[in-house]
Amino acid sequence: MLENKMSLKAFFEEIEKRLVAYSEDELRSILRRMAHNVSPSDRNDFLARLKSGEEAKAEVERVLSQDDLLSDIEDLAHEIGSEMEDADEYYDDDWDDEDSLGQYEEYVDPLTGLFDRAAGVFDFGNMPLAYVAYRKLFDVLNMEDAYGRKVSAMDLHNVDMSEARARYLHALYETTALTRRPDVLFEEMQGIDDLVWGKGVRLEDIIQVSPNPLPDKEKFFDDWIVFLQKQSGADADRWLREAIKLAQGTKGLEALSREEGKSRPRAYVDWIAALQGEGKHREVIAAAQEALQMLPPDLPIRSAIADHLCVSAQELNDHELVRQGRWEAFTAKPVVSRLLDLWEATPAGAQQKERMQQAAQHLEGYLARPSQRFDSISGWADRDNIERPAMVSLFELVHAYLLSGNWDSAHKAAAPKPVLGWNMSDNPQGLVIPAFLVSLAGGKLSSLPRNLSKLWQWGLQKSIDLYGRSADDECKRLESIYQELFARESLEGEEAEKLLHWCVDVAKRRANSIVENQHRKSYDKAAVLAAACAEVLRLRRHSEQADALINGLRSQFPRHRAFLQELNTAASQ
């Protein structure tokens, strides 16, 4: 499916604008240039399309007659159904589970052709036929065999399923009595909303899929808004806000926000976004501040509202307001990216340190609420996540501790955790130990020893990759910010020696646990940690202790050749 495509309505509107703008001679010239670009094999087809509107319509209606299209869909559905009844013949121990289509792949092209024919019927205005045809085609896509195999919408790569869905609903609208349209359309929109993954249906799609205006549009909008206000659920709320925006504009969203914003907080977001789209930055700030004052302090959507406030505050060069907005966004969703936004918006030095201390205190309270813990919200699902509670782990808290220079709290958060399980969201040792070692090595990220550099990168990456996503930009931001931190905050004196001793102790215990339990895939991790500790010991002129660490592990596991190979490779670098 093509992204950012022009809707059919917009396409025909642009065509009409250009037809009006050109003279008859100019249009003849354009047509001749188009003809020169036609390949020899396509010339007959090009000439065949040069027919009057009535001739073309009559020809299409002959080809796409009701009996033929519907009977062809029914025949294909029967054929697929018969194949599904015999599904056992195709499933055995050698079946490739990665093949979602199997023997149904042969039906992709015929289904694609039928969707194309249904689109042609729609484009030539036969709405009753288009409605029935699309309904039958969607029914085919819902067919599956006893093993859950089917031809799904995602398998039809050459069908714009979002547009097909909009054509169906537009045809449904035109073939339904005015008084019943809200109820019927609402039911069908809900039933077909998830046909296109991650892209919910909108009334705007239904409008834009045809160059012709919706019949009785103004009356329908009035009835639709009244109907949706009586419904419950996220879909009804989404479609109500869209309808008000389409029918009443920004003023309508403003009225909805002020009347029902507490129960419909997304109305505030839509209102503020509309103002921002109009370049009304002072109005954006006023609306955002009003929303933040009205909505509960722990509501995640406040973060999205604060983001809009920050954008407009930046446009007006109001740095203090940007800092306020960053704090609001962080407190609503205290994730790493927003912690970094907070750091960057705060003046360096004492103010930055104080703000990170405040962030750490907020995170302590946030994590103390069971409903906000990382594992408890993994099943939450919405389209844009702005209402989703933040996935927060101990890593966010440890980042705040470290960025505030609170080494002791970072140590206390990590020390009780097991030396295994560094991939878990509640075990920040894999971040804390590299951070301590980097500081103990002098804090210059550009000149770290090889093993320590590798360990540091692992720690940073793991701290932001807990949610199964890649965040290279975030990792680079973290590195830059930690370079600032290490330049002015460092471990010194007795505290430095105590924490270095703890890092070495963890390295020994981690190597013991990994090797004794034969976690072969983690041998390199244990070796890199031990070698990184040895590198720091040598930099701090503790060469004997460094040798004792590496040689002690060698003598402890003389028969574990795979581990010794990893250790020798790391220690030789």
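The values are calculated or read from the model by the stated rules, or taken from the named source; none is laboratory data. Not measured: the values here are computed from a predicted model. Virtual Cβ from ideal backbone geometry, glycine too; neighbours counted across all protein chains shown.
I'd like the residue in the stretch 455-481 that is surrounded by 14 or more Cβ atoms within 10 Å (Cβ to Cβ) and part of a loop (DSSP other than H, G, I, E, B) and, out of all such residues, is modelled with the lowest pLDDT.
Looking at the filtered set, the residue picked out is L466.
Go through (1) more than 20 Å from G191 (Cα to Cα); (2) in a loop (DSSP other than H, G, I, E, B); (3) of a type in the set (A, V, I, L, M) for M143 and report which single condition fails.
(1)
Taking the stretch 198-249, which residues are among the small types (G, A, S) and in contact with an Asp or Glu (Cβ under 6 Å, 6 or more places away or on another chain)?
The one that is among the small types (G, A, S) and in contact with an Asp or Glu (Cβ under 6 Å, 6 or more places away or on another chain): G200.
Name the helices (runs of 4 or more DSSP H) wholly inside the stretch 154-238 in which the number of residues that are under 32 Å from the mean Cα position of the chain (by Cα) and surrounded by fewer than 16 Cβ atoms within 10 Å (Cβ to Cβ) is 1 or more. Talk me through it step by step, then tell me what you get.
On the way: elements: 161-174, 181-192, 203-208, 217-229.
Output list reads 181-192, 203-208, 217-229.
What are the pairs, 6+ residues apart or on separate chains, where a residue within the stretch 20-31 that is of a type in the set (S, T, N, Q) has its Cβ under 9 Å from a residue that is modelled with pLDDT under 75 and in a loop (DSSP other than H, G, I, E, B)?
S29/Y22
State which residue is farthest from the chain's Cα centre (by Cα) when the search covers only the stretch 440-454 and only residues that are part of a helix (DSSP H, G or I) and buried (at least 22 other Cβ atoms within 10 Å of the Cβ).
If we take residues in the stretch 440-454 being part of a helix (DSSP H, G or I) and buried (at least 22 other Cβ atoms within 10 Å of the Cβ), then L440 is farthest from the chain's Cα centre (by Cα).
Among the listed residues S312, S263, which satisfies the condition of being touching a His at 6+ places or on another chain (Cβ under 6 Å) and either touching a residue at least 40 places away in the same chain (Cβ under 8 Å) or among the polar types (S, T, N, Q) (or both)?
Details: S263 fails: touching a His at 6+ places or on another chain (Cβ under 6 Å).
Testing whether each residue is touching a His at 6+ places or on another chain (Cβ under 6 Å) and either touching a residue at least 40 places away in the same chain (Cβ under 8 Å) or among the polar types (S, T, N, Q) (or both) leaves just S312.
What residue, of E204, E188, is under 30 Å from E260 (Cβ atoms) and either hydroxyl-bearing (S, T, Y) or without any contact (Cβ under 8 Å) to a residue 24 or more places away in the chain (or both)? If you could, list the steps in order and put the result at the bottom.
Details: E204 fails: either hydroxyl-bearing (S, T, Y) or without any contact (Cβ under 8 Å) to a residue 24 or more places away in the chain (or both).
Within the list E204, E188, the selection yields E188.
Out of L246, L299, I need the residue that is assigned to a loop (DSSP other than H, G, I, E, B) and surrounded by fewer than 19 Cβ atoms within 10 Å (Cβ to Cβ). Which one?
L299
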